[in-house]
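Worksheet: the structure to be examined is printed underneath.
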Amino acid sequence: MSTTTTPRGAAGAPAAAPSAAERGPSWGTLLVLLAGVFITTLDFFIVNVAIPATQADLGASAAAIQWVVAGYGLALAALLITGGRLGDMVGRRRMYMTGMALFTLASAACGLAGNPEVLIAARVAQGAAAALLMPQVLGIVNIVYTGQHRARAFMAYGLTLGFAGVFGQLIGGGLIEIDLFGLGWRSIYWINVPVGIAALLVTPRLVPESRSARGTRLDFVGVLIVTSAMVAIVLPLVQGREQGWPLWTWLSLAAAPLLVAGFVRYQRRRAERGGTPLIDMVMFRERSFSAGLGVMLAYQLAMASFFLVLALYLQMGHGMSALDSGLLFVALGAGYFLGATQAEKLAKRLGRQVLTLGALLTAFGYGVLAETVGSTGVTGSVGWLIPGLIVAGYGMGVALAPMSAIVLAGVSERYAASAAGVLNTAQQVGNALGVALVGIVFYGELGAGLDANDYAHAFTWALIPLVAFCAATALLVQLLPRRASGGQAGEQEVMIPAG
């Protein structure tokens, strides 16, 4: 990879101002990059706490509400790898700014939406813009920072992801409670606009340009096929229940595996002909990666969906305000950061089984919540939910902090960047698919009931598949190799940044 820098002036002429790269690591650069990571991650989770107000204001159906959450993740998943390729080709800073500009415009469109259809379209646009922005961050960090500076930058990146994901509910609740300019739920989207504009103004000065020294081409056909496959799975799962599972839903689900098989065949043929495939299928020969991908997908099925149904239960069942329900999420966040800070020590001792521990703790936390809600319904104090939330959050921190490092540990260096992109894609696919699957259970059990106890009943049932997803994760971990390629005997040692 090569980095664009400002050349020195000719002899006798004053030297040009050094570029950001020449001046050495600038924490201002990292701040700008993390601002993009923060708002794009935040926007996946912040919508949960605003769902009841959004649904009431726009008259949205249950399926439309699921699309508000899943549409973002689906677009992000479909275009993440392509976004990274575009950064390699035309410049990472340029694509970061392009993604930020489009994300800012899409956020404004969300804030202006007058009906569910417009909001869903704007959310899909947000996800597509985030896919252009997010892959550039780690690429730029790898160039600008070295040694301990790079380790600290990666730690800050991980903390930003965790903070945005776990505390998004509290931030959203606070914005809705403040009701700035009478915007209500729309403020969670409008807040992105000043942040995006500020980032666009300072990025040219603080972030150096860079691009890959190797030529690469975009695989538009591959993007089209894999996107069609994801839509073929998620669309009927979201729409099918409300429409009574008509024939087209079953045909769509039947077409999905055929599209996946077609995608795999196309990628292999493209590689054999010397082209640049969207995903190099050779990576899947690494057992640590192929099994690890299943681990990531299974665990993510239980993440975004849990945040959604918990927010609905608290606000629609308990009648809590957006702010109060957001405050309750602090218990989950406290457990998360406690688990994340201890994950490195646990990973050194347990190796791959740290993921088993995290998944089972998450499942146990969900089970505690199910028992608590089942016994108290909506008549008991929400304070009884705190122990289950802390345990579930702790499990999330223990599992998520080392997961990427463990999965990628056995992947050869040649495929490291591509494998990371596929892993991130699996994460977003899991989130979107989880919302669709758990939504079927939650809204199916809720039915047409508007009684508070109906929400308690639906939430309890929705926790059952979440526990199952965590248990499946623990089982899939056992397929991971006991050691990294070329490692020593025994469980592989995993080094991850604390937090």
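At a glance:
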| quantity | calculated |
| --- | --- |
| Output for segment 201-230, where each listed residue is surrounded by fewer than 16 Cβ atoms within 10 Å (Cβ to Cβ), within 25 Å of the chain's Cα centre (by Cα) and either in a helix (DSSP H, G or I) or of a type in the set (D, E) (or both) | F220, V221, L224 |
| One residue from A334, A254 being at pLDDT 85 or above and not assigned by TED's automatic domain parsing to the domain that holds L475 | A254 |
| Any pair with Cβ under 7 angstrom, 6 or more apart, that starts in segment 69-85 at a residue that is in contact (Cβ under 8 Å) with a residue 24 or more places away in the chain and at negative phi and ends at one that is surrounded by 24 or more Cβ atoms within 10 Å (Cβ to Cβ) and of a type in the set (D, E) | Y72/D43 |
| Flag if M316 is touching a Pro at 6+ places or on another chain (Cβ under 6 Å), within 30 Å of W185 (Cβ to Cβ) and part of a helix (DSSP H, G or I) | yes |
| Set R287, R268: member being of a type in the set (K, R), outside the structural domain of V69 (by TED's automatic domain parsing) and in contact with a helix residue (DSSP H, G or I) (Cβ under 8 Å, 6 or more places away or on another chain) | R268 |
| Number of the exception - A106 against (1) of a type in the set (A, V, I, L, M, F, W, C); (2) in contact (Cβ under 8 Å) with a residue 24 or more places away in the chain; (3) closer than 30 Å to Q239 by Cα | (2) |
| Test for R285: is it more than 30 Å from F442 (Cα to Cα) and in contact with a Leu (Cβ under 9 Å, 6 or more places away or on another chain) | no |
| Residue within segment 260-274 that is in a helix (DSSP H, G or I) and within 18 Å of L433 (Cα to Cα) present | yes |
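Residues checked against (1) out of contact with any strand residue (DSSP E or B) (no Cβ under 7 Å at 6 or more places or on another chain); (2) surrounded by fewer than 24 Cβ atoms within 10 Å (Cβ to Cβ); (3) farther than 26 Å from D43 by Cβ; (4) of a type in the set (A, V, I, L, M):
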| site | (1), (2), (3), (4) |
| --- | --- |
| A343 | yes, no, no, yes |
| L346 | yes, yes, yes, yes |
| Q353 | yes, yes, yes, no |
| G358 | yes, no, no, no |
| G367 | yes, yes, yes, no |
| G397 | yes, no, no, no |
| G410 | yes, yes, yes, no |
| N424 | yes, yes, no, no |
| Q428 | yes, no, no, no |
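The values are calculated or read from the model by the stated rules, or taken from the named source; none is laboratory data. Since this is a predicted model, take the numbers as computed values, not measurements. Cβ sites come from the backbone with ideal geometry, for glycine too, and all protein chains shown count toward neighbours.
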